[in-house]
Amino acid sequence: VQLQASGGGLVQAGGSLRLSCVASGRTFSSYRMGWFRQAPGKEREFVAYVSWSGSTYYADSVKGRFTVSRDNAKNTVYLQMNSLKPEDTAVYYCAAAPRATTTYNYWGQGTLVTVSS
């Protein structure tokens, strides 16, 4: 599986962005798709995931502001980010975990989100 993330950019605090991640391959629908982020000088952290069945889970720091979704017909997972804060500034990565596991074996290249105050 190859993943290509896009949609990052510069936005003011309180604004919104939507990230997209397109996956190659015919088994996209069977993967758990996750979003992670890494801020400058910090370790990578979990943001959200959407399972193969459509269930979702969020980090507390983004709950209520971010929404993860998927379109299996387009092999695409989205991360809608609203009410952005400067602390959301990071490189955002999408990742894929096979259905039978929780290990993310495949990673995209990352897209930079910068939130100005």
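Structure notes:
- Unmet requirement for Ala97, which otherwise passes all of (1) farther than 16 Å from Leu17 by Cβ; (2) touching a helix residue (DSSP H, G or I) at 6+ places or on another chain (Cβ under 9 Å): (2)
- Of all residue pairs spaced 6 or more apart or on separate chains, none has beta-carbon atoms under 7 Å together with a first member in the stretch 1-27 that is free of Cβ contacts under 8 Å to residues at least 24 places away in the same chain and β-branched (Val, Ile, Thr) and a second member that is in a strand (DSSP E or B) and surrounded by fewer than 17 Cβ atoms within 10 Å (Cβ to Cβ).
- Residue ID - surrounded by the most Cβ atoms within 10 Å (Cβ to Cβ), chosen from residues in the stretch 59-104 that are part of a strand (DSSP E or B) and of a type in the set (D, E, K, R): Arg70
None of the figures in this text is laboratory data; all of them are computed from the coordinates on show. Treat the numbers as computed from the prediction; the structure is a model and nothing was measured. Cβ atoms come from the backbone with ideal geometry, glycine included; neighbour counts cover every protein chain shown.
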